[in-house]
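K.L.:
For reference, the structure I am asking about is given below.
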Amino acid sequence: MRRIVLLFGPPGIGKGTVGASLSEKWHIPLISTGDLLREQVKCNTSLGEHARAFMERGELVPDELVVEVLHERVSQKDAKDGFILDGFPRTLKQAEMLEGVFLAGDERIILNLEGSPAVLIERLSQRRICSVCGAVYHMTNIPPKQDDICDFCGGALVRRPDDEPAVIEKRLRVFAEETKPILDFYRGTNAVYTINADGTLPETLQEIDRIVKWS
Ligand code: AMP
């Protein structure tokens, strides 16, 4: 039986940060479709070339491309006992496609992280990532030891192109219009846990511990 967790919530809510902690605790890999796509862009693959323009504009990448990278990733050995998905599904079509990935007996939950718009905008504008290893920082809450240098690999910290203010606005709109409605798709399954993620990481993790009941 695999344990499958869908992390649901707007850009900036902390899906990546919360997901990394849960991945350690629950011993299943965190799989972010955004990271998988950024990797393709970085390696200049044809899929990456195609995805790049959508990502830079803050728009969703076409379903077939995202499903292709995801399918390849969840087939790897480390995902055999389950995985945590960050940023997928984002459209109803993706949610339907995901049904084809599940196996009979898989246990799945949806963690619906919620927060106020002001907190999301603050977190996205303060976010920096390492241009080499992808480690994520928040300039006030999780700053690097040395200005603009990654603690882990010494790489330069940069702002993601889609964390520019105009693109942030667009991404939040895309979430509200295209992604939020898919929560309804899962409502009937009794597997949706809604968590307020405005607070600190320990507070959010505590809340998840308190309310998530694995069978
Ligand atoms: P994220 O790192 O999750 O914020 O994703 C960054 C960008 O990658 C998004 O704004 C989209 O352009 C693209 N992306 C990531 N996941 C998906 C997905 N499931 N469907 C479509 N586009 C995606």
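The values are calculated or read from the model by the stated rules, or taken from the named source; none is laboratory data. Just so you know, these numbers come straight off a predicted model, no measurement behind them. Note that each Cβ is placed from the backbone with ideal geometry, even for glycine, and that neighbours are counted across all protein chains shown. Each accessible area value is taken on the protein alone, full model and side chains, heavy atoms only, with ligands, DNA and RNA left out. Shrake-Rupley method; radii C 1.70, N 1.55, O 1.52, S 1.80 Å.
K.L.:
What pairs can you find where one residue is in the stretch 123-145 and in contact (Cβ under 8 Å) with a residue 60 or more places away in the chain, the other is open to solvent by 50 Å² or more (accessible area, probe 1.4 Å) and assigned to a strand (DSSP E or B), and their Cβ atoms are less than 7 Å apart, with a gap of 6+ or different chains?
P.N.:
R127/V136
K.L.:
Looking at the stretch 1-47 only, could you name the residues that are β-branched (V, I, T), open to solvent by 40 Å² or more (accessible area, probe 1.4 Å) and within 13 Å of the chain's Cα centre (by Cα)?
P.N.:
Residue satisfying the conditions is T17 alone.
K.L.:
Can you name the residue in the stretch 46-100 that is of a type in the set (K, R) and either more than 9 Å from the ligand (Cβ to nearest atom) or in contact with a Ser or Thr (Cβ under 8 Å, 6 or more places away or on another chain) (or both) and is also nearest to W214 (Cα to Cα) among such residues?
P.N.:
K80
K.L.:
Would you point out the residue of the stretch 105-126, among those that are in contact with a helix residue (DSSP H, G or I) (Cβ under 8 Å, 6 or more places away or on another chain) and open to solvent by 50 Å² or more (accessible area, probe 1.4 Å), that is farthest from the ligand (Cβ to nearest atom)?
P.N.:
Among those residues, the one meeting the criterion is P117.
K.L.:
When the stretch 20-37 is examined, which residues are found to be part of a helix (DSSP H, G or I) and near the ligand (Cβ under 7 Å from one of its atoms)? Please lay out each step first, then the result.
P.N.:
Taking the stretch 20-37 first, the residues part of a helix (DSSP H, G or I) are 20-26, 33-37.
Correct list: T33, G34, D35, L37.
K.L.:
For the structure I just gave you, tell me whether V41 is of a type in the set (V, I, T) and either free of Cβ contacts under 8 Å to residues at least 24 places away in the same chain or near the ligand (Cβ under 8 Å from one of its atoms) (or both).
P.N.:
yes
K.L.:
Moving on to the next point. For the structure I just gave you, tell me whether D163 is under 23 Å from L201 (Cβ atoms) and either open to solvent by less than 30 Å² (accessible area, probe 1.4 Å) or touching a residue at least 60 places away in the same chain (Cβ under 8 Å) (or both).
P.N.:
yes
K.L.:
Tell me the residue from I211, I195 that is out of contact with any helix residue (DSSP H, G or I) (no Cβ under 8 Å at 6 or more places or on another chain) and aliphatic (A, V, I, L, M), please. It would help to see each step written out before you state the result.
P.N.:
On the way: I195 fails: out of contact with any helix residue (DSSP H, G or I) (no Cβ under 8 Å at 6 or more places or on another chain).
Only one candidate qualifies: I211.
K.L.:
Related question: Of all residues being part of a loop (DSSP other than H, G, I, E, B) and polar (S, T, N, Q) in the stretch 51-104, which is least open to solvent (accessible area, probe 1.4 Å)? Just the residue, please.
P.N.:
Result: T91.
K.L.:
Determine, yes or no, whether I129 is more than 13 Å from the ligand (Cβ to nearest atom) and surrounded by 19 or more Cβ atoms within 10 Å (Cβ to Cβ).
P.N.:
no
K.L.:
I'd like to verify a number: residues in the stretch 144-158 that are surrounded by 15 or more Cβ atoms within 10 Å (Cβ to Cβ) and within 21 Å of G12 (Cβ to Cβ), how many?
P.N.:
Residues meeting the conditions: 3.
K.L.:
With respect to the numbered conditions (1) closer than 24 Å to I168 by Cα; (2) β-branched (V, I, T); (3) in contact with a Lys or Arg (Cβ under 8 Å, 6 or more places away or on another chain), which one is the sole condition not fulfilled by I4?
P.N.:
The failed condition is (1).
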